[in-house]
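Chemist: Dropping the structure in here first, questions after.
Coordinate-derived values only; no laboratory data. In this text the structure is predicted, and so the values were computed from the model without any measurement. All Cβ positions, even for glycine, are placed from backbone atoms using ideal geometry, and neighbour counts span all protein chains on display.
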Amino acid sequence: MEIHSCSQKHRQGIRAATDSLLCDPCVEKLELDLRALPGLHQEGLHHVMATSRRRNPTKVSGSRRRDHLNVSALDARSNIVAILESWAGYVADELGTTPPTRSVPHLACFLLLHLEWLTAQPPALDFAEEIRSLHVELLRVIEPDHGDANPLTRRCVVESCTGTIVAAPQKSSSISCSAGHSWEVREWLVLRHLMDRRRKEAA
């Protein structure tokens, strides 16, 4: 039986008798990662708002719990929907079928249903690598004390303001620019959209 080498250096290799462009261990790992994504996506929701209580578990009477936005968790949950939706769209277009509802459980289930076909397509390796990256990213998000993300630096979104926003909402209960404009953590999603749009316009 002819055996082709695996890009992940697995000894088993890829059996020529199958249509898959991935070896059996790679396909098994891909399936496991896909099945785990809905649960990890849901778990990540609980990490979007990080609180200081993990660092100071002793509750003091009258003290207020300070919530901070975990940008890494927010981005990871957003990435998983976008990437799964993109691959589901590819499958639907190629097979002439209806794409699933835009939710992680439905998208993952759809991709699992067509996994055998997907692993035989030219972008099979890219698909496996992206799913593996999503899995790793979500695990890092929900891992306690993994470390804070680097702050995001952008020009202030207020018209005519020359200040700079250094956004690290996971470390603070508010966000501000160097000129004094400020926003609440709950405004982060809208603020980030405005920051990205301003950056693209300036490019």
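Chemist: To the nearest 0.05, what FRET efficiency results for R132 and S160 with a Förster distance of 30 Å applied to their C-beta separation?
Modeler: 0.10
Chemist: If r is the Cβ-Cβ distance from A202 to V81 and R0 is 35 Å, what FRET efficiency results, to the nearest 0.05?
Modeler: Details: r = 28 Å, r/R0 = 0.79.
Working from the Cβ atoms, E equals 0.80.
Chemist: If you don't mind, there's one more thing I want to ask. Binning at 5 Å from 0, report for segment 90-130 what percent of all alpha-carbon pair distances ends up in each bin.
Modeler: 5, 23, 32, 27, 12, 0
Chemist: Could you check the simple spin-label distance between L32 and A179, using points 7 Å along Cα→Cβ, in nm with one decimal?
Modeler: According to this spin-label approximation, the distance is 5.3 nm.
Chemist: Say R0 is 25 Å: what FRET efficiency, to the nearest 0.05, do T97 and L125 get from their beta-carbon distance?
Modeler: Here the calculated transfer efficiency is 0.60.
Chemist: Next up: Report the rotationally averaged projected area of segment 80-148 based on its alpha-carbon convex hull, in square nanometres.
Modeler: Taking a quarter of the hull surface, the average projection is 5.1 nm².
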